[in-house]
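Below is one structure, written out as structure tokens; comments come after it.
The values are calculated or read from the model by the stated rules, or taken from the named source; none is laboratory data. As the structure is a prediction and not an experimental result, all values here were calculated from the model. Using ideal geometry, Cβ is built from the backbone for each residue, glycine included, and neighbour counts are taken over all protein chains shown.
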């Protein structure tokens, strides 16, 4: 009777960098696919938002970009280029949708005029979107308490009063300033590691 060989469990996909995620996706690892999409969904959605597309069209851009990712991932040579590639795919899809919604086609020009080329993705948009993604990644690395505290104090408009923050997080009111400082320092370190500065 043969003894069953057991594989060592793979580390959780949440700990994998893009190179490992891409490799695991190409092997058919569903957890890696879920993590990859989860990691970049806000990045992908940020492009149609910048184009001021309505929510249903933003969802179409997201879906089209994910389908393109599924189809073209085996062709990706450098996993570190994945965020920019996703932005470009989403940009092309947004441009296509904008053209469709603005098109007024006359019978004469319908067949004779070629489809205009998609303009390149503006470098300042790339930079801004990449910085936003780094912030999302750094926030995801923080402890849940730090992440929530930073969100309440810096990402909500208007920022929450300390008393509300203390009550929601179960902290003493007098410790919020100290805790905020520790969390900001952790966030700053994470951003530096990601190359933000």
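At-a-glance table
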read-out: Filter result (over 16 Å from residue 85 (Cα atoms) and either in contact (Cβ under 8 Å) with a residue 24 or more places away in the chain or part of a loop (DSSP other than H, G, I, E, B) (or both)) within the stretch 34-55; value: 50, 51, 52, 53, 54
read-out: Pair list, Cβ < 9 Å and 6+ apart or interchain, from the stretch 180-197 residues that are in the same structural domain as residue 134 (by TED's automatic domain parsing) to residues that are surrounded by fewer than 12 Cβ atoms within 10 Å (Cβ to Cβ) and not in a helix (DSSP H, G or I); value: 183/143; 186/143; 188/197; 191/197
read-out: Residue that is modelled with the highest pLDDT, among those in the stretch 132-162 that are under 11 Å from residue 183 (Cα atoms) and part of a loop (DSSP other than H, G, I, E, B); value: 143
read-out: Subset of the stretch 46-63 (residues that are surrounded by 18 or more Cβ atoms within 10 Å (Cβ to Cβ) and under 15 Å from the mean Cα position of the chain (by Cα)); value: 46, 47, 48, 58, 61, 62
read-out: Single unsatisfied condition, residue 180 versus (1) surrounded by 10 or more Cβ atoms within 10 Å (Cβ to Cβ); (2) at pLDDT 75 or above; (3) under 22 Å from the mean Cα position of the chain (by Cα); value: (3)
read-out: Looking only at the stretch 1-22, and only at residues there that are at pLDDT 50 or above and part of a loop (DSSP other than H, G, I, E, B), the one that is surrounded by the most Cβ atoms within 10 Å (Cβ to Cβ); value: 16
read-out: Residue 25 vs. criteria more than 18 Å from residue 93 (Cβ to Cβ), at pLDDT 90 or above and outside the structural domain of residue 135 (by TED's automatic domain parsing); value: yes
read-out: Unmet criterion (only one of (1) surrounded by fewer than 18 Cβ atoms within 10 Å (Cβ to Cβ); (2) at pLDDT 90 or above; (3) part of a helix (DSSP H, G or I)) for residue 171; value: (3)
